[in-house]
């Protein structure tokens, strides 16, 4: 959908319906307008995810999360001026308004530069032993186990390719030769694949110390046993918008306490809450890192991603969390593997 008029909502439109409009459209934004076509604000996927983190209900009106001071272009601005503004602000689209604030059109960066290729590196951690999936992994590395019609890692790579990414690093250890033989240099998929060889277990962050070169822009790191429909372009935009050094994808995890929870003050009983539900955000195994973060990773030492984020927090460097609202499954156990196979056709075909 390229018709910008189809992404206009009113201030009372629910966040859920606004989300559906953003997901269905090609522009990845909604425009909030009054009844006379005047622009009141904009809503991006990032605005919605920040609302989720604040606990805003998806049934609430979208005016609660809209950006009331969006960057706009004027009707008299030429293409060069608009392009410069978008590049300077890191925008992929910008509303064009007249002198009275009425919407005139949308300009999109992809159309201005005529390119959708993204040079950000994608680093996939594919060296795990997969012991919890034994005996299936006794002779086959977990990334090559087939879910649906193809190996887990192939589905992951193809999801990134669909979003325009083409530069990959695969971190390998267990049965590395099998993974290299299957994926080669990536030419089968029209991409570049290089390999990080872990000669000892280095963890999800420690393996990055073996990168052969220093990236020039933010890069994505992802566990090689996850199947997800996360929009990776939106993830990178969220990371840039929040000006952090590192972003961790998180999932909402909910469980119900099976007992009545007693609230006390010393010896006094204050209240009894029957079987309350608890909600937490948990690590989703997907990260975006700025190149300078690599300086905090020790050489040839086991170092996982939570340890890296703890280090950045101690150094008082800005970190962010990106809530995953899309399909996500960690294929760590037999039950997860079977469930992923059951859901594969619905989610990935």
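Look at segment 317-336 and say how many of its residues are closer than 26 Å to residue 132 by Cβ, touching a residue at least 60 places away in the same chain (Cβ under 8 Å) and either surrounded by fewer than 14 Cβ atoms within 10 Å (Cβ to Cβ) or touching a strand residue (DSSP E or B) at 6+ places or on another chain (Cβ under 7 Å) (or both).
Applying the first criterion (closer than 26 Å to residue 132 by Cβ) to segment 317-336 yields 324, 326-336.
Adding the requirement that they be touching a residue at least 60 places away in the same chain (Cβ under 8 Å) leaves 324, 326-334.
Those still in the list that are either surrounded by fewer than 14 Cβ atoms within 10 Å (Cβ to Cβ) or touching a strand residue (DSSP E or B) at 6+ places or on another chain (Cβ under 7 Å) (or both) too: 324, 326-331, 333-334.
Residues in segment 317-336 being closer than 26 Å to residue 132 by Cβ, touching a residue at least 60 places away in the same chain (Cβ under 8 Å) and either surrounded by fewer than 14 Cβ atoms within 10 Å (Cβ to Cβ) or touching a strand residue (DSSP E or B) at 6+ places or on another chain (Cβ under 7 Å) (or both): 9 in total.
Scanning segment 305-316 turns up one or more residues that are surrounded by 14 or more Cβ atoms within 10 Å (Cβ to Cβ), without any contact (Cβ under 8 Å) to a residue 40 or more places away in the chain and assigned to a helix (DSSP H, G or I). Going through (1) under 22 Å from residue 187 (Cβ atoms); (2) outside the structural domain of residue 228 (by TED's automatic domain parsing) one by one, residue 108 falls short only on (1). For segment 44-66, a residue qualifies if it is modelled with pLDDT of 95 or more and more than 24 Å from residue 279 (Cα to Cα), and the qualifying residues are 63, 66. Listed by position, the strands (runs of 3 or more DSSP E) enclosed by segment 85-173 that each have at least 1 residues that are closer than 23 Å to residue 39 by Cα and under 22 Å from the mean Cα position of the chain (by Cα) are 93-97, 103-108.
Might you check whether a residue that is within 30 Å of residue 210 (Cα to Cα) and touching a residue at least 12 places away in the same chain (Cβ under 8 Å) occurs anywhere in segment 262-272?
Within segment 262-272, the first condition is being within 30 Å of residue 210 (Cα to Cα), and the residues that meet it are none.
No.
The values are calculated or read from the model by the stated rules, or taken from the named source; none is laboratory data. This one's a predicted model, so the numbers in the text were calculated from it and none came from an experiment. All Cβ positions, glycine included, derive from the backbone under ideal geometry; neighbour counts span all protein chains shown.
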